[in-house]
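The values are calculated or read from the model by the stated rules, or taken from the named source; none is laboratory data. Nothing here was measured: the structure is a model prediction, and the numbers come from that model. Because the Cβ atoms are built from the backbone with ideal geometry, glycine has one as well, and the counts that use them run over all protein chains shown. Surface accessibility is based on the protein's heavy atoms, side chains included, excluding ligands, DNA and RNA. Shrake-Rupley method; radii C 1.70, N 1.55, O 1.52, S 1.80 Å.
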Amino acid sequence: GNHLHSQPPADYGFDARHLHDCGVDASLATIHPQAGGWSFLVISGYGLPAGFQPGTVDLLVKLPPGFPDAQPDMFWVYPAVKTPNGSLPRSTSME
């Protein structure tokens, strides 16, 4: 008759396949687990679109607990980035 089936618990958190799906080389990425279920994803040498200066940056993305179901909403770069016309990108702030 009727059967109940149990699924394994969800595997939330960082998975290198997410990077591959976005065209990012996973060997450039490091993950730093944080308190409260957060993770800091750092991608070294992340390439920016043509014209932006510098051409590559270190990119930090804070992944919230529950990622990928919970989406990140900010990122940080080092060094600071300028647009092709030499200005700072819109909606940016220095931290």
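Observations on the structure shown:
- Computed label-point distance, nm, for sites Gln34 and Asp21 using a 7 Å Cα→Cβ extension: 2.2 nm
- Rounded accessible area per residue of the stretch 24-95, 1.4 Å, Å²: 68 Å²
- Fully extended contour minus Cα-Cα distance, from Asp69 to Thr92, at 0.36 nm per residue: 5.7 nm
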